[in-house]
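Every read-out reported here was derived from the displayed coordinates using simple, explicitly stated rules and does not represent laboratory data. Small disclaimer: the values here were computed from a predicted structure and weren't measured. As a convention, Cβ positions derive from the backbone with ideal geometry for all residues, glycine included, and neighbour counts pool all protein chains shown.
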Amino acid sequence: MAIAAVWWTEGALIAPANHPIGPPPGDLHAEPVEFRTDDNELLRGWFAQGDLPKGGVVLLHGVRSDRRSMVDRARFLTSSGYSVVLFDLQAHGESPGERITFGYQESGGARAAVRYLRRRVPGQRVGAIGASLGGAACLLGRQPLDVDALVLEAVYPDVRQAAMNRLRLRFGPMGEWLAPVLTIPLETRLGIRAGDLRPIDGIRGVRSPVLVIGGTQDRRTTASETRALFDAAPDPKELWLIEGAAHVDFYRYAAEEYRRRILEFLRRHLDGRQGSTRQEIAGAVGYIL
């Protein structure tokens with residue numbers, strides 16, 4: 001019975017979470033947009049133009065959520081001058097998809113959103129904020145997301161440990177023994193190896209400043225796992241463990257401090273800069289040659 005329950009749980013986790021979204025909030029002054037991944041998958045979202053040429057930010061929501069969960073972040077970012085794209089990851093909201101893949105295929109959506117935003121704010125730097133699944137999508141796939149500043153919230157380091165944490169919450173100590181039952185069928189049901197779902201490996205290839213955020217009371221992505229993800233990231237990097245926070249929306253949990261830290265991070269790495277660090281280096285080398 002326990003194995004059957006785990007099998008059902010896995011099916012529920014990967015099932016699409018599609019539903020209507022409706023128009024953007026009037027105060028966001030956003031427009032509906034569509035763009036496609038390299039695999040021609042359609043993604044739907046909103047774009048809001050910032051008042052200043054400070055850069056742009058892609059917002060990536062968590063699992064079984066949609067772009068609306070990122071609206072509060074979009075509001076304070078646009079009010080600070082940043083342009084934003086918030087969109088539904090594959091198989092979420094109004095973006096089609098047959099299944100959720102824990103960040104693997106969703107990584108293609110993250111890359112497509114960054115490309116779209118760079119077209120809308122040419123010459124400006126672009127960052128990304130990814131929560132849970134959205135953060136994993138920034139790190140998985142062929143390579144980490146190519147941005148100029150990256151914020152990761154409650155991102156699991158390894159799918160095996162993530163499964164164990166969730167099964168332990170549901171089944172108690174037995175969950176540790178049932179974890180392989182949840183991860184082994186990934187290749188059969190999704191065509192993805194568990195070894196491909198290790199954001200902790202992907203973060204080693206990040207080439208931008210990164211801010212890693214977690215909650216001290218999070219039992220799905222524990223504080224020790226967040227520290228491990230942070231330790232694996234190259235410099236420059238920052239860590240913020242939010243005292244008392246579980247696996248929740250960190251903006252809603254600590255809104256004032258969240259705004260302060262995020263805006264400070266983005267000001268250092270996006271504001272008033274043209275192009276990316278790699279573009280600047282390439283231009284300098286070309287000039288010298």
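Summary of values
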item: Principal axis dimensions, the range 1-130 - Cα atoms, whole angstrom, descending; result: 57, 29, 20
item: Under the Karplus curve 6.51 cos²θ - 1.76 cosθ + 1.60, θ = phi - 60°, whole-Hz ³J(HN,Hα) for the range 260-265, x wherever Gly or Pro sits; result: 4, 5, 5, 5, 5, 5
item: Label-point gap, in nm, between residue 52 and residue 224 - each point 7 angstrom along Cα→Cβ; result: 4.3
item: Where Rh is the Kirkwood radius over Cα pairs, Rg/Rh for the range 2-288; result: 0.96
item: Gain upon complete extension [residue 189, residue 207; 0.36 nm per residue less C-alpha separation]; result: 3.2 nm
item: Cα-based shape type of the range 191-237, given that a ≥ b ≥ c are square roots of the gyration tensor eigenvalues and the cut on a/c is 1.5; result: oblate
item: Protection-proxy order for peptides 15-27, 151-163, each taking the mean of Cβ atoms within 10 Å per residue, highest first; result: 151-163, 15-27
item: Gained length - residue 252 relative to residue 75, 0.36 nm times residue gap less alpha-carbon distance; result: 62.4 nm
item: Label-point gap, in nm, between residue 263 and residue 170 - each point 7 angstrom along Cα→Cβ; result: 4.1
item: Cα-projected label distance for residue 243 with residue 40, points at 7 Å along beta-carbon direction, nm; result: 5.5
